[in-house]
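Enquirer: I have a structure here, written as structure tokens, and I will follow up with some questions on it.
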Amino acid sequence: METTTAKQIPDTNGYFGEYGGAYLPPELLDVMNDITSSYLKLKDSEEFKTELKRLNKHYTGRPSPVYHARSLSNHIGGAQIYFKREDLNHTGAHKINHCLGEVLLAKKMGKTKVIAETGAGQHGVALATAAALLGLECEIHMGEVDIKKEYPNVIRMKILGAKVIPVSFGLKTLKEAVDSAFMAYMKDTKNQFYAIGSVVGPHPFPMMVRDFQQIVGEEAKEQFYEKTGKLPDHLVACVGGGSNAIGLFTAFLDDKNVQIHGVEPAGKDFKTGNHAATLTLGKPGVIHGFKCYLLQDEKGEPSPVHSIASGLDYPGVGPQHSYLKDIKRVQYKTINDVEAIEAFSTLSQVEGIIPALESAHAIAYAMKLASKLDKDQTILVNLSGRGDKDIDFIAENYGDMVGID
Ligand SMILES: *Cc1c(COP(=O)(O)O)cnc(C)c1O
């Protein structure tokens, strides 16, 4: 298969194989087409590239290090585990990479305001940060249930100058927040820019967010080669919408000897539906304007989903991941809530790094994989974010598992 490279997909209509596209009313299609053509023009302009490069380096702190986790590797006694340290970025995760790109694009397009939904508040905080820096207004829609659960992030967004709109209909969580943000966006698509938080949504967002994230894999490939003189044998990343995963994977898709693993949340239980293992158990369908694997009921409505990691809690998944699954370039596996908490605790105690619960899914899988491999094998894991945001939740609910009680 020669069609896996980032350069060749998606096609001009935004399709990765049969996935992606833009399932939207005509007036919104025009808006998306306008974003696509502005993006394609800007992305190769020297001014845009130079500005984004400067911000990535001096504001975010890129390149983030590649770190050989010797203690963890010795603790397991198998393959050598390395981390791409996206947790060390300004704001503590990979999301700032695409938020800077999107807000910079919005500004160059003459927009005055960025608008988005947020679940756990991570996308909201990263977007509010980029908007503050670049001088755009920022409006974040968030379900009332999530506002209570993720209060520190609500405060952060407000301190950064963003307006937080509570959403009080339906289940009052992420899906309703998307609906609400979308309605607000439709009122003025001329001055507002809808900044999507992962490699999901209608074309061009899955392509554009991927392009802004692929710096992660480009850096990691060079850094890993410098350290070891080789490419990693395995890559591992967690998959919610799929932005940190595709960010790491893209630079390696044509390296056939590199085995690639995406890790989805198995949540509490497959049987009761308390999970968000979209690629593992979903079927192709349409959500939020694009086609992908989807957890859905008989009518094609998105199912309610669960993961201990709010950032992985989405019934759809990026169209490129859907395609990479079908062509078997990436293997998608699952880790459940308990395994993720155990990995969260192990990494904290053995390596002195508190990971985000999302990233802990990738770490748990890498630990399992490492235990089955020889010591001269290598695994590069995307450590997508730091765990500060999760410590209150962990202390309250799982204190006994992490050594607090
Ligand atoms: C949001 C988030 C994720 C999940 O989003 P992707 O688009 O799948 O990367 C993973 N890790 C962290 C730390 C996050 O904040």
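Enquirer: Can you tell me which residue within segment 289-303, out of those that are at pLDDT 95 or above, in a strand (DSSP E or B) and open to solvent by less than 40 Å² (accessible area, probe 1.4 Å), is nearest to residue 20 (Cα to Cα)?
Expert: Within segment 289-303, the match that is nearest to residue 20 (Cα to Cα) is 290.
Enquirer: Further, regarding this structure: With respect to residue 363, determine if the residue is within 26 Å of residue 219 (Cα to Cα), surrounded by fewer than 24 Cβ atoms within 10 Å (Cβ to Cβ) and within 16 Å of the ligand (Cβ to nearest atom).
Expert: no
Enquirer: A further question on this structure: For residue 197, all conditions in the list (1) within 13 Å of the ligand (Cβ to nearest atom); (2) among the small types (Gly, Ala, Ser); (3) farther than 20 Å from residue 361 by Cβ hold save one; what is the number of the exception?
Expert: (3) is the only condition that residue 197 fails.
Enquirer: Now, a different point. Of the residues 346, 334, which single one is of a type in the set (Ser, Thr, Tyr), assigned by TED's automatic domain parsing to the domain that holds residue 79, modelled with pLDDT of 95 or more and within 16 Å of the ligand (Cβ to nearest atom)?
Expert: 334
Enquirer: All but one of (1) more than 30 Å from residue 286 (Cβ to Cβ); (2) more than 12 Å from the ligand (Cβ to nearest atom); (3) in contact with a Pro (Cβ under 8 Å, 6 or more places away or on another chain); (4) open to solvent by 10 Å² or more (accessible area, probe 1.4 Å) hold for residue 389; which doesn't?
Expert: For residue 389, the exception is condition (2).
Enquirer: Would you kindly identify the helices (runs of 4 or more DSSP H) lying entirely within segment 119-191 that contain at least 3 residues that are open to solvent by less than 60 Å² (accessible area, probe 1.4 Å), closer than 23 Å to residue 35 by Cβ and out of contact with any Leu (no Cβ under 8 Å at 6 or more places or on another chain)?
Expert: Filter on segment 119-191 gives 122-134, 174-186.
Enquirer: Can I ask one more? Being closer than 23 Å to residue 43 by Cβ and surrounded by fewer than 17 Cβ atoms within 10 Å (Cβ to Cβ) is the filter here, so list the residues in segment 53-89 that pass it.
Expert: Listed by number, the residues that qualify are 53, 54, 57, 58, 59, 61.
Enquirer: For segment 350-387, give me each residue that is part of a helix (DSSP H, G or I) and more than 18 Å from residue 238 (Cα to Cα). Talk me through it step by step, then tell me what you get.
Expert: To start, the set of residues in segment 350-387 that are part of a helix (DSSP H, G or I) comprises 350-351, 357-371.
Scanning segment 350-387 gives 350, 351, 371.
Enquirer: For segment 304-359, which residues satisfy the criterion of being of a type in the set (Asp, Glu) and either open to solvent by 30 Å² or more (accessible area, probe 1.4 Å) or over 21 Å from residue 273 (Cβ atoms) (or both)?
Expert: Passing the criteria: 313, 326, 339, 342, 351.
Enquirer: For residue 187, work out the one condition from (1) touching a residue at least 60 places away in the same chain (Cβ under 8 Å); (2) more than 20 Å from the chain's Cα centre (by Cα) it doesn't fulfil.
Expert: Result: residue 187 fails condition (1) only.
Enquirer: Please tell me if residue 283 is on the phi > 0 side of the Ramachandran plot and either β-branched (Val, Ile, Thr) or surrounded by fewer than 17 Cβ atoms within 10 Å (Cβ to Cβ) (or both).
Expert: So residue 283 does not fit the description; no.
Enquirer: Please determine whether any residue of segment 186-197 is within 21 Å of residue 20 (Cα to Cα), in contact with a Pro (Cβ under 6 Å, 6 or more places away or on another chain), not basic (Lys, Arg) and not assigned by TED's automatic domain parsing to the domain that holds residue 326.
Expert: Scanning segment 186-197 turns up no residue that is within 21 Å of residue 20 (Cα to Cα), in contact with a Pro (Cβ under 6 Å, 6 or more places away or on another chain), not basic (Lys, Arg) and not assigned by TED's automatic domain parsing to the domain that holds residue 326.
Enquirer: Now a separate question. Name the single residue that is farthest from residue 172 (Cα to Cα) among those in segment 101-118 being open to solvent by 10 Å² or more (accessible area, probe 1.4 Å) and assigned to a helix (DSSP H, G or I).
Expert: Result: 108.
The values are calculated or read from the model by the stated rules, or taken from the named source; none is laboratory data. Note that the coordinates shown come from a computational prediction; the quantities given were computed from them, not determined experimentally. Note that each Cβ is placed from the backbone with ideal geometry, even for glycine, and that neighbours are counted across all protein chains shown. Ligands, DNA and RNA are stripped out before the accessible areas are found, and what is left, the full protein with its side chains, is counted by its heavy atoms. Shrake-Rupley method; radii C 1.70, N 1.55, O 1.52, S 1.80 Å.
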